[in-house]
1. Test TYR243 against the stated conditions and say whether it is out of contact with any strand residue (DSSP E or B) (no Cβ under 9 Å at 6 or more places or on another chain) and aromatic (Phe, Trp, Tyr).
2. Can you find even one residue in the range 80-87 that is in a helix (DSSP H, G or I) and over 30 Å from LEU245 (Cα atoms)?
3. Within the range 6-35, can you find the residues that are under 24 Å from LEU123 (Cα atoms) and exposed (fewer than 11 other Cβ atoms within 10 Å of the Cβ)?
4. Do you know which residues across the range 112-157 are of a type in the set (A, V, I, L, M, F, W, C), within 15 Å of the chain's Cα centre (by Cα) and over 17 Å from LEU249 (Cα atoms)?
5. Kindly indicate whether any position in the range 98-111 is surrounded by 12 or more Cβ atoms within 10 Å (Cβ to Cβ), more than 15 Å from the chain's Cα centre (by Cα) and not in a helix (DSSP H, G or I).
6. Among the residues of the range 26-49, which ones are assigned to a loop (DSSP other than H, G, I, E, B) and at pLDDT below 90?
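The values are calculated or read from the model by the stated rules, or taken from the named source; none is laboratory data. Not measured: the values here are computed from a predicted model. Here Cβ is always computed from backbone atoms with ideal geometry, including for glycine, and neighbour counts include all displayed protein chains.
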Amino acid sequence: MKVEKLSKTDLDLYCGTLEIDITKKNKAELIQDVYEHRRKIIDQARLDGNCFELLKETIEDIADRYAENLDIKIADRKHEMKSDDNSHYLIYRVLGISYEEGTLIDVYQNAGRFLYKYAGSFLEEAAILCLYYSNSDGRRTLVANNETTKPKNFEIDFLNGNDAIEIKWRDATTDGDHITKEHTRVKNMKSHGYRPIRVMFYYPQREQAIKIQETLKTLYAGVDGEYYAGDDAWDYIERISGYDLKAILTSIAEKRDAEK
């Protein structure tokens, strides 16, 4: 769970489930307490020799939570769509798409948006968890933007020593401004003395999006950073953390398949 993104109220509730004292503590202090709580559990697991088992169990628990929330989101959206104005189906029909086909397309398009969002968030969280299990000092970090006025801060997904690691499940953007924004972020990491590293598990398939990624790869190389995509991204996480994330996720997927 990305505790940094929780509201103060939700963070208080979450800390309560962990039996963390929230009395007169601000959000930053509670986040620190959560990390310390997690670290104690991991350190004990390492002493007991079952750190890998704990990591796999934690990732599977996170997957269960994401799957449950995704199912709820999709069900709620399908219910909402029953009362949608479908007058635009006239244009679908003009283009040769039947009413029934149009309905299915709209349903799957809405479901797809949730799926892509949840898939990305889950994989990024799982990858960061592997890094966190291997590095007691590393964590998400905010740094001030020294280059432009917006945004005020940049988030480092995981600061591993001097390496500012950015985790992406997939980046299929074709927006040219994306290069400018990424260039600003990379320069900012350098200004703080960090080495920018980009880890992206799934490479885009469209020509324009691929060109954007090739430009970003050149950008990282130009500032002595590192860029990993596809199989190289999975290998990087395993090499840095010592955990084979792809193997863990494959075993969970196979378990899901067997349960169907």
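1. Yes: the conditions hold for TYR243.
2. yes
3. Correct list: SER7 only.
4. PHE114, ILE156
5. no
6. Answer for the range 26-49, where residues must be assigned to a loop (DSSP other than H, G, I, E, B) and at pLDDT below 90: just GLY49.
This table checks each residue for (1) assigned to a helix (DSSP H, G or I); (2) over 29 Å from LEU55 (Cα atoms); (3) over 22 Å from the mean Cα position of the chain (by Cα).
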| position | (1), (2), (3) |
| --- | --- |
| THR184 | yes, yes, no |
| ASN188 | yes, yes, no |
| MET200 | no, no, no |
| ALA221 | yes, yes, yes |
| TYR228 | no, no, no |
| ILE237 | yes, no, no |
| ALA247 | yes, no, no |
| THR250 | yes, no, no |
| ALA253 | yes, no, no |
